[in-house]
1. When the residues of the range C:20-65 are filtered to those that are open to solvent by 10 Å² or more (accessible area, probe 1.4 Å) and polar (S, T, N, Q), which remaining residue is farthest from the chain's Cα centre (by Cα)?
2. Right, residue B:243: aliphatic (A, V, I, L, M) and touching a residue at least 40 places away in the same chain (Cβ under 8 Å) or not?
3. Sort out which residues of the range A:225-259 are under 17 Å from the mean Cα position of the chain (by Cα), open to solvent by 10 Å² or more (accessible area, probe 1.4 Å) and either within 30 Å of residue A:132 (Cβ to Cβ) or free of Cβ contacts under 8 Å to residues at least 40 places away in the same chain (or both), and write them in order of number.
4. Does any residue of the range A:75-88 turn out to be within 22 Å of residue A:178 (Cβ to Cβ) and open to solvent by less than 10 Å² (accessible area, probe 1.4 Å)?
5. Quick one: which residue in B:24, B:101, B:30, B:50 is over 17 Å from the mean Cα position of the chain (by Cα) and on the phi > 0 side of the Ramachandran plot?
6. Out of everything in the range B:84-118 that is among the charged types (D, E, K, R) and part of a loop (DSSP other than H, G, I, E, B), what residue ends up being nearest to the other protein chains (Cβ to nearest Cβ)?
7. Please tell me if residue A:103 is of a type in the set (A, V, I, L, M, F, W, C), open to solvent by 10 Å² or more (accessible area, probe 1.4 Å) and at pLDDT 85 or above.
8. When you scan the range B:65-82, do you find a residue that is within 13 Å of another protein chain (Cβ to nearest Cβ), modelled with pLDDT under 95 and either surrounded by 22 or more Cβ atoms within 10 Å (Cβ to Cβ) or part of a helix (DSSP H, G or I) (or both), even just one?
Amino acid sequence: MSNAALGLSLLALAALAALPFLDTGFWLALAINVAQYAVLATAWAMFSGPTRYVSLATAAFFGIGAYTVAVLGEALPWPLVLLVAGVIGAVMSLLVGFATLRLSGVYFVVFTFGLAELVRQLVTWFEVNVTRSMGRYVFVEISQAQILWQLLALFGALLALGTWLARSRLGFALRVIGEDETVARHVGIDTARAKVALFALSSVFMALVGAVMAPRWTYLDPAIAFNPSISFTVLIMALLGGTRSLLGPLLGVVPLAMLFEVLTARFPNHFSILVGVVFLLVVYALPQGVSGLLARLRRGAVA
Amino acid sequence: MSAALGTDPSPLLRVEGLRRAFGGLVAVDGLSFSIRPGEILGLLGPNGSGKTTALNLISGVLAPDAGRVVLEGREVAGLPAHRLSRLGIARTFQLVRVLPGLSLEENVVAGLAFGRDPAWGTEARARAAALLERVGLGGRAAQPASVLTYGDQKRLELARALALSPRLLLLDEWLAGLNPTELRGGIDLIASLRDEGCTVLMVEHVMDAIRALADRCVVMNAGRSIAEGPPAEVLAERAVIQAYLGEDDA
Amino acid sequence: MEAAAATIVTGFVLGGMYALVAIGLTLQYGVARIMNLAYGEFVVAAAFAALWLFTSLGVSPLLGLVLVMPLAFLANWALYRVFLTPLVRRAPDAGALETDSILATFGLLFVVQGVMLAIFGGAYQSYSYLSVPVQVLGATITANRLVALAFAAVIGGGLWFLLAHTRMGTAVRAVAVNPAAAPLVGIDMARTAALAFAVGGAVVAAGGVLVSTFLTFNAAMGMVFTMKALVVVIMGGVGNLMGCLVAGLLLGLTETLVASFVDPGLTLAATYGLFLLVLILRPAGLFGVAAR
């Protein structure tokens with residue numbers, strides 16, 4: 001993204017921050033929902049786009065962030081809680097990354113596939129056997145408006161990071177890895193380290209979104225925090241939007257967040273089937289996502 | 001060991017007793033040779049004799065089961081490919097590998113950005129332009145690599161390898177599949193690299209190129225070295241002819 | 001002593017089930033090159049089919065096998081032909097097919113799971129079939145577990161025989177070992193892949209039916225089955241039936257030991273623990289055939 005585009009995007013985010021002064025009901029709730037998925041899907045695409053490693057573990061990082069707030073929300077000042085959530089997310093991603101990212105992509109997919117469930121079981125086990133309390137009330141003084149502002153700030157930070165990355169040596173290394181990993185190694189790129197670094201960056205943002213969103217629930221237990229459908233929703237949004245440009249995922253987030261809002265309200269019992277069908281349509285009809293389609297159309301118009 | 005050093009006072013690369021098996025198949029079986037600085041060494045042998053495996057062992061694609069690889073006195077066997085690249089071992093691939101989604105300039109910058117003498121930004125672009133010029137692709141920096149002809153892909157791959165400022169350049173059948181004009185150009189290009197003092201290990205089937213370029217040859221068969229010396233002598237040896245023609249009761 | 005013996009026998013039975021389920025997956029992934037994340041959903045679907053046959057029609061699960069397996073074969077064959085062949089056609093290389101199949105079957109997972117939730121609800125289900133205690137090696141376990149193990153052994157053994165001793169089986173093994181060279185010796189790749197996928201599907205259905213005789217299950221359990229089967233396949237080496245058997249038994253034993261002596265809530269952690277060990281010590285699998 002160019003400096004001008006980044007500047008415009010940041011301005012747009014700043015303008016959106018005024019929304020809570022206009023409406024505190026439906027539109028604020030919708031904006032929070034869109035903003036959370038915007039950060040999650042963009043963070044997902046930042047790693048999975050260039051490396052082509054499909055991460056199915058968004059829910060694990062989101063959940064660990066949210067649960068950190070449930071545990072520490074009252075004990076520490078809010079910025080410190082966020083810091084801890086980010087650090088835990090980073091540590092978890094480094095463990096997963098070092099175990100799997102030096103090997104072929106399949107190991108990574110398999111490992112992330114069950115990760116949310118694993119962490120949920122471990123947290124449950126810990127709560128039952130050590131703290132002897134299942135489920136916690138979230139008592140923190142964070143308003144809905146503040147949640148939106150934090151999400152917008154996270155999104156702004158993510159866009160700035162993405163812009164920097166595109167010009168940095170690390171970002172370039174990842175593009176080379178995405179093109180041909182063997183070549184990447186033979187031009188001196190430590191491919192495992194580059195992938196782990198990016199995976200950690202992306203995971204920290206996911207954990208932070210979980211932490212920021214936690215006050216929206218008044219009560220949290222592991223089953224709520226580690227809801228696997230988040231991994232799924234984020235994946236489909238990023239795929240629909242396309243992962244080739246920084247703002248690509250956003251093209252999937254906005255329509256799908258709204259669609260899912262409607263679907264949950266009208267077909268609560270068949271939600272999973274409908275979302276699965278939407279997912280399959282995206283995979284079959286738009287393998288490059290909307291932004292890939294747009295790029296193809298543009299190229300077609302030029303040619 | 002000191003005896004081996006004695007025969008060859010200061011080799012750039014010394015390979016000793018290199019061995020690698022895949023399951024029951026021993027692809028490289030006790031291979032030893034050395035390369036002097038500034039020389040072009042041809043690595044020959046019939047298909048399946050273990051040449052590419054030997055290159056893969058030297059460039060870090062594979063780790064040897066046994067044996068040593070010594071680069072300028074330093075043991076490097078088993079190091080991962082990215083470490084070896086940074087130590088100055090660059091290579092091309094038997095099946096040419098360019099980065100099709102990137103421009104020609106970016107392809108070369110990939111070799112510049114992470115290597116022994118890294119460059120980034122304006123400096124990298126300037127050096128990339130010079131390297132593209134060097135291999136005969138000057139002025140085409142902005143084109144995508146996906147539009148290149150086969151011969152030009154080979155040139156681009158060489159530019160990327162040279163971008164690493166290699167101490168040792170490994171060419172895996174870099175001249176294979178070129179048409180006669182391209183072949184002549186390719187041979188001239190490698191000759192000019194030698195004139196600049198570049199050390200090259202080339203696996204090659206094009207015998208004209210070997211005769212024109214190589215100072216010495218090592219011939220492999222069934223994972224071992226069966227002959228070593230100047231090309232004209234080596235190619236006349238009975239064992240070498242037999243290995244290539246797969247002859248009688250040998 | 002009695003407890004330990006019971007644990008080992010139970011772990012052995014569970015491991016046998018994992019091995020059978022993983023054998024189906026290794027056929028689908030190793031031969032058809034489809035990384036099927038909806039795999040566990042089909043285990044659960046077969047379990048529900050057995051439950052329904054038993055409670056509504058009074059058909060015993062063993063007779064149910066005879067009905068469910070051919071049905072699953074046909075369903076999976078159709079699934080491959082209609083649903084996955086387009087992906088195989090459009091994929092420029094193996095990596096792209098892997099990614100596409102991961103995404104497509106991930107979507108399928110939620111569809112199948114949603115359908116099962118809509119029909120059967122989210123509650124845990126079980127039924128009582130042959131749950132009479134028997135003595136084995138000093139341990140008391142229910143007869144249904146033994147029967148399940150015996151049938152798993154017969155199905156696994158039969159499959160091994162077919163692969164080792166028939167023309168079609170040889171083709172399937174050839175594709176697993178070298179997909180690039182198989183067409184050169186006249187093997188019809190599309191047909192072999194569809195067949196392997198369908199046979200894999202039939203095997204997994206058998207696993208689901210057998211498991212349903214002694215485990216409680218619900219519509220949301222599929223992911224855990226998939227996870228375990230994947231870990232067993234990677235541990236055993238992709239495409240390696242013997243590897244599946246050994247790795248499956250190892251996982252079953254480990255899990256049962258952890259559940260009995262540590263905490264039943266940590267079984268998935270035990271799976272991951274084993275997986276991590278393999279990744280660190282032997283990433284190419286216990287028998288050294290690398291996963292692709």
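1. C:56
2. Numbers: aliphatic (A, V, I, L, M): yes; touching a residue at least 40 places away in the same chain (Cβ under 8 Å): yes.
Yes: the conditions hold for residue B:243.
3. A:227, A:228, A:229, A:230, A:255
4. Taking the range A:75-88 first, the residues within 22 Å of residue A:178 (Cβ to Cβ) are none.
The answer is no, given that none of the residues of the range A:75-88 is within 22 Å of residue A:178 (Cβ to Cβ) and open to solvent by less than 10 Å² (accessible area, probe 1.4 Å).
5. Numbers: B:24 fails: on the phi > 0 side of the Ramachandran plot; B:101 fails: on the phi > 0 side of the Ramachandran plot; B:50 fails: over 17 Å from the mean Cα position of the chain (by Cα).
None of the other options fit; the residue is B:30.
6. Pass one, the range B:84-118, residues among the charged types (D, E, K, R): B:86, B:91, B:97, B:105-106, B:116-117.
Among the residues that remain, those that are also part of a loop (DSSP other than H, G, I, E, B) are: B:97, B:116-117.
Numbers: B:97: 5, B:116: 8, B:117: 11 Å.
Taking the candidates together, the pick is B:97.
7. Values: of a type in the set (A, V, I, L, M, F, W, C): yes; open to solvent by 10 Å² or more (accessible area, probe 1.4 Å): yes; at pLDDT 85 or above: no.
It is false that residue A:103 is of a type in the set (A, V, I, L, M, F, W, C), open to solvent by 10 Å² or more (accessible area, probe 1.4 Å) and at pLDDT 85 or above.
8. yes
The values are calculated or read from the model by the stated rules, or taken from the named source; none is laboratory data. If you're wondering where the values come from, they're calculated on a predicted model, not measured in any experiment. As a convention, Cβ positions derive from the backbone with ideal geometry for all residues, glycine included, and neighbour counts pool all protein chains shown. Note: areas computed on protein heavy atoms with side chains; ligands, DNA, RNA excluded. Shrake-Rupley method; radii C 1.70, N 1.55, O 1.52, S 1.80 Å.
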